[in-house]
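**Student:** There's a structure below that I have some questions on.
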Amino acid sequence: MSSYTPITLPYFAPAYMLPASLPTLEQALSVTDYFTPPPYTAIYDEVNVVRVGEHFIAKYGKKVRSIEGENMLFVQQHTTIPVPQVYAIYQFGEGETMIIMEFIKGATLQDHLGTVGLEKSNSVREKLRAQINELRQIPAPNYYGALGRRPFWDVYRGSEFGPFDSFDDCVMSNLDQLFGIKLVQPFIDIKKFFSASCVAISTALEHNHPVFTHGDLHERNIIVRSDGTPVIIDYEVSGFYPSFYEAIVSGILDCEFDFLDEKFEEERAIIRDCHEAWIDAEIEELGLGYESEGDSSEGDSGEGDSGEGDSGEGDSDSSN
């Protein structure tokens, strides 16, 4: 794979890369120009994203992880894809992380499409397609996990999972992230059946290799600059997932915007069928009224847009 050595924290970019004086911790914490006013949602509790001056975004909190900044540095080192420049990553307070990065001026893809429309967005689509293809070409390691063989981060449940040497184990865990964990029948059998189906199909189609994956592509995590260049933001869950995973989690956006070359229709169909079986089982569970011990399922099931609000590293106001 592309060589990677985890950065040493605290990390500060060289002075010549800064567009202005780096905001101090006190300056960042005092700003109330929030992109995600706290508490934004239960999901993003303890995550704050603020604009500091003309040039900077500060993202901080107990649920902010340094690997988000590391992922952006990694992509910048190994591709030509535009990403927010990372200026600082450090710890402060009681287990809180601060990432100071470049403010990307532009409109979210959501706002861009609302203003311009799909028919006039072909150039943006093709640029985004090229960026995703380049991202997927980064040489991968022989494991499934985050940079430096660290665990994946499930931002929606605030938990880690992996890393995995086994494709089978990774797929089963991916289903846990998509549908939650219910340690009773028939949910155990549903996941076993569809996990085995996905492993068999993906292996037969040679889709079982790890690929660097953004992992949370939706129309609020893509900023369109005034020149029509898309900039992907929010790399907190990125890592080396099975090659089909991007197509699963960004299914809704791809159906509308059609930016993925590889659709992985077979795996998408398995996830859809698993989702339907899961919902049927939940309906039956409610009808029968039995208890689900060990139920940690949350309402983020099925294929599609896994994004519940972006981290804000961009201007959602198309007038800027």
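**Student:** If you put +1 on each Lys and Arg Cβ and -1 on each Asp and Glu Cβ, how big is the dipole of the chain around its Cα centre, in Debye rounded to 20?
**Tutor:** 1160 debye
**Student:** Shifting gears a bit: Can you tell me the 0 to 90 degree angle between the C-alpha axis of helix 66-78 and the longest principal axis of the chain, rounded to 10?
**Tutor:** The helix 66-78 is inclined about 80 degrees to the chain.
**Student:** Let me ask another. If we sort 13-25, 192-204 on the protection proxy, mean other Cβ atoms within 10 Å, highest first, what's the order?
**Tutor:** Packing proxy ranking, top to bottom: 192-204, 13-25.
**Student:** Additional query: Let me know the volume per residue of the alpha-carbon convex hull for the chain, in Å³. Display every interim value, and only then the final one.
**Tutor:** Numbers: hull volume 45.1 nm³, N = 320.
Taking only Cα atoms, the chain has a hull volume of 141 Å³ per residue.
**Student:** Could I ask something else about it? Please pull out the direction-averaged projected area of the range 126-269, using the convex hull of its alpha-carbon atoms, in nm² to one decimal place.
**Tutor:** 8.9 nm²
**Student:** Would you mind checking the pairs K63/K192; K127/K263; K63/K182; K127/K182; K105/K127; K59/K191 and listing those with alpha carbons more than 29 angstrom apart?
**Tutor:** Checking Cα-Cα distances, K63/K192; K127/K182; K59/K191 exceed 29 Å.
**Student:** Just want to confirm a number: the relative contact order over the chain, from Cα pairs under 8 angstrom separated by 6+ residues, in percent.
**Tutor:** Relative CO of the chain lands at 22 percent.
**Student:** Now a separate question. Just how far, in whole angstrom, is the range 150-187 from the range 110-127 if you go by their alpha carbon centroids?
**Tutor:** Rounded to whole Å, the Cα centres lie 34 Å apart.
**Student:** Taking the inverse of the average 1/r across all pairs of different Cα atoms in the range 1-144, what Kirkwood radius in Å do you get?
**Tutor:** Averaging 1/r across every pair of different Cα atoms and inverting gives 17.1 Å.
Any read-out appearing in this document is the output of simple, stated calculations on the displayed coordinates, not a laboratory observation. Everything quoted here is computed from the prediction, not taken from an experiment. When we count neighbours, we look across all protein chains shown, and the Cβ atoms used for this are built from the backbone with ideal geometry, even at glycine.
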